[in-house]
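Here's the structure, in structure tokens; my notes come after.
Here, each number is a calculation from the coordinates, and none is a lab measurement. Please read all numbers here as calculations on a predicted model, not as lab measurements. Here the Cβ is made from the backbone with ideal geometry for all residues, glycine too, and neighbour counts use every protein chain on show.
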Amino acid sequence: MQSALFPRGLGELLLLTTILLASILAISNVVTSNNLTGRDLMDTPTAGVLLREVARLHAHSQREQVACCNGTTSTQCLILTEVGRNGPLTLADLGRRTSLDKGWLSRAVETLVQEGLLTKALGDADRRTIRIALSPAGETRSQQLNETLNAHAERVMARIPPAEREQVAHALALLHQALQAEAAETAGIPSGEEEQR
């Protein structure tokens, strides 16, 4: 299920995160009153705890989902979907986008090359760089991973009452924007506008 609100891949990942966040919020009903506006808002410490719990649940759930796709590990899924979403990347760019340790990333990429899912080539402009791209088998696996994760998102979304799904989609859009802005400031990850080019 691809939404026009979110870029491919990142939107899928954030969809799961926000759906779980909204579900936990609805279940726990943890809000505090904001006397300034009269509206109920979640306080910052509660939001922080909730967001970390959602991230933990999401990571656990995602590992289980991707393992069903030919035994793909969560690290392999991250690498394959990142290269699939962005096209060929230098190893350094891939490291910045995934926040994986350089040695860990190199070993994981080498394993995916040996499995025939990625290709490595020297950079065109700078022969000291290594460009990573999906092989045809890697494109197939990346598509399978996205389909698996999308199906999971649909199952999770189906657990949310239909009348509240639009609110979840809106919350997801806001969370997506906030996380993009935070990532751009702290990790140098391009904003969604740059990713769509």
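Annotations
- Maximal additional length on extending the residue 119-residue 181 stretch stands at 19.2 nm, based on 0.36 nm per residue less the C-alpha distance.
- A simple count of charges around residue 130, restricted to other residues whose Cβ falls under 11 Å of its Cβ and scoring Lys, Arg +1 and Asp, Glu -1, yields +1.
- Taken along the Cα-to-beta-carbon direction at a fixed 7 Å, the label points for residue 174 and residue 73 span 3.8 nm.
- Extension reserve of the residue 133-residue 163 stretch, reckoned as 0.36 nm per residue once the Cα distance is removed: 6.6 nm
- Cut-off under 5 Å, modelled amide H: who pairs with residue 130 long-range: 91, 92, 123
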